[in-house]
Amino acid sequence: MVPEAGLALEALLSRRSVPALQLREPGPSETQTRLAIAAALRAPDHGALKPWRLVMIRGAARARLSELLVSRMQQREPATPPGKLERVRTMPLTAPLVLAVGARIRPDHKVPEVEQLLAIGAAVMNLLNAFHAQGFGAIWLTGGNAYDPAVASALGFTPPERCLGFVYVGSGEVPAVDGPRAPAPADFVRDWNP
Ligand SMILES: Cc1cc2nc3c(=O)[nH]c(=O)nc-3n(C[C@H](O)[C@H](O)[C@H](O)COP(=O)(O)O)c2cc1C
């Protein structure tokens, strides 16, 4: 058993996503960010393909991201309500750190594509938990911008790489784990007794 397993489990069991618009300064330090990324890169990875890519968007670059996301959304969906555009504009400005998650999937490999995607999901889960364990809030968001090839290209994802969303990180109050979203194990877990 890993020492401090109780603390690790406590962190896993108390993680919740913090809404992006509630994330504020201070964000994680360089060391804290590197630790979270190191945890992400410890995810299980069939074939050691390392299909994950992460782009850190910090400081002034967040304003560029904000402009990019708003202008792409306006082009794709000209009828977007102003309130929605404002939320998209604001999220990268108030969250101190945004990580764009990218995938480099190898369709020709014997490891199926779905397993490569699952490895990236596991990496992002480690990332979220590592930020939470260090006292930061985070959330993984996708939506039209995440899957817009022009956004991916502007972020430096070159085909066959693609974007799988954004992890927003900052300080923020973690919602309670109980409530309507509390997992009910009996609904999802069963014994197999043939
Ligand atoms: C791949 C992925 C994409 C997601 N995209 C969105 C999204 O675009 N918008 C959203 O409101 N929640 C999205 N979510 C859900 C949130 O990240 C979060 O899990 C949800 O708000 C529930 O909060 P919890 O993590 O505290 O249970 C996504 C989750 C995953 C795994």
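The values are calculated or read from the model by the stated rules, or taken from the named source; none is laboratory data. All values derive from a computational prediction rather than experimental measurement. Glycine gets a Cβ as well: all are built from the backbone with ideal geometry, and neighbour counts include every protein chain shown.
Some observations on this one:
Condition check ((1) more than 20 Å from the chain's Cα centre (by Cα); (2) among the small types (Gly, Ala, Ser)) across all residues:
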site	(1), (2)
Leu141	no, no
Ala152	no, yes
Leu164	no, no
Gly170	no, yes
Ala184	yes, yes
Arg190	yes, no
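- Selection within the range 10-35 - closer than 17 Å to Leu99 by Cβ, assigned to a helix (DSSP H, G or I) and without any contact (Cβ under 8 Å) to a residue 12 or more places away in the chain: Glu30, Thr31, Arg34
- Test for Leu7: is it assigned to a helix (DSSP H, G or I), away from the ligand (no atom under 16 Å from the Cβ), at pLDDT below 95 and of a type in the set (A, V, I, L, M, F, W, C): yes
- Extreme residue, nearest to Leu12 (Cα to Cα), among residues of the range 142-154 that are within 15 Å of the ligand (Cβ to nearest atom) and crowded, with 17+ Cβ neighbours inside 10 Å: Ala146
- Number of the exception - Arg42 against (1) in a helix (DSSP H, G or I); (2) away from the ligand (no atom under 16 Å from the Cβ); (3) over 21 Å from Thr158 (Cα atoms): (1)
- Restricting the range 10-39 to residues that are small (Gly, Ala, Ser) and within 14 Å of the ligand (Cβ to nearest atom), the residue that is surrounded by the most Cβ atoms within 10 Å (Cβ to Cβ): Ala20
- Matching residues in the range 162-180 - criterion: being over 13 Å from Pro19 (Cβ atoms), within 11 Å of the ligand (Cβ to nearest atom) and outside any strand (DSSP E or B): Ala176, Val177, Gly179, Pro180
- Index of the failed condition, Phe157 passing every other in (1) within 15 Å of the ligand (Cβ to nearest atom); (2) surrounded by 12 or more Cβ atoms within 10 Å (Cβ to Cβ): (1)
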